[in-house]
Amino acid sequence: MHINRLAKSIVGVERIKVRGIAIDGAGALVIDAEPYRARSRRCGRCGRETPRYDAGCGVRLWRCCDVGGMKAYVRSEAFRVSCPECGIVAREVLWAAHGSRFSYAFEDTCCWCALSMCISSSRRFVFSHVFFEASGMVVGGWCCGRGVLIGGRVLKKPSRFL
């Protein structure tokens, strides 16, 4: 398998540019990625194409699913854009929701574990690498943002099942 295709499958998004893959000092896999030029300056909230405002917080890491027992991260520039509707916000990235520190694939895995496993198993499987408070934010945000599929139907307020 080509290394770019492997990196895109780890991130969970096909339409990105992979600039490089490295292992950092802590032994984690870091994938340097960028959205394609057509999606590089979009508002993180509404998706409208907007001009770049400033460098924001520089380079940012988003947590991905583990690869071969190693933690994995996506690294990219986190500049801000000036949207006429939303104001000055962080740019859109295709692998994570606006304001999230985790990729969509990682959030899906956390939610599946929280809904399908007992708490001790899910802690060992996913939450051992994530602070427990952060895992609650992932599950709560995923459930509120996308809904939960239980018994073949999407529930609007799934918090009573968590």
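Is it fair to say GLY27 is over 18 Å from the mean Cα position of the chain (by Cα), part of a loop (DSSP other than H, G, I, E, B) and surrounded by 15 or more Cβ atoms within 10 Å (Cβ to Cβ)? If you could, list the steps in order and put the result at the bottom.
Working: over 18 Å from the mean Cα position of the chain (by Cα): yes; part of a loop (DSSP other than H, G, I, E, B): yes; surrounded by 15 or more Cβ atoms within 10 Å (Cβ to Cβ): no.
Criteria not met by GLY27.
Restricting region 15-37 to residues that are over 15 Å from GLY69 (Cβ atoms) and of a type in the set (A, V, I, L, M) leaves a set whose member that is modelled with the lowest pLDDT is ILE16.
Given the structure, is ASP32 in a strand (DSSP E or B), more than 15 Å from ARG91 (Cβ to Cβ), touching a helix residue (DSSP H, G or I) at 6+ places or on another chain (Cβ under 8 Å) and of a type in the set (Asp, Glu)? Criteria not met by ASP32. With respect to the conditions (1) among the polar types (S, T, N, Q); (2) over 14 Å from the mean Cα position of the chain (by Cα); (3) assigned to a loop (DSSP other than H, G, I, E, B), SER100 falls short on a single one, namely (2).
The values are calculated or read from the model by the stated rules, or taken from the named source; none is laboratory data. Keep in mind it's a predicted model, so treat the numbers as computed, not measured. Please note: Cβ atoms are built from the backbone with ideal geometry, for glycine as well, and neighbour counts cover all protein chains shown.
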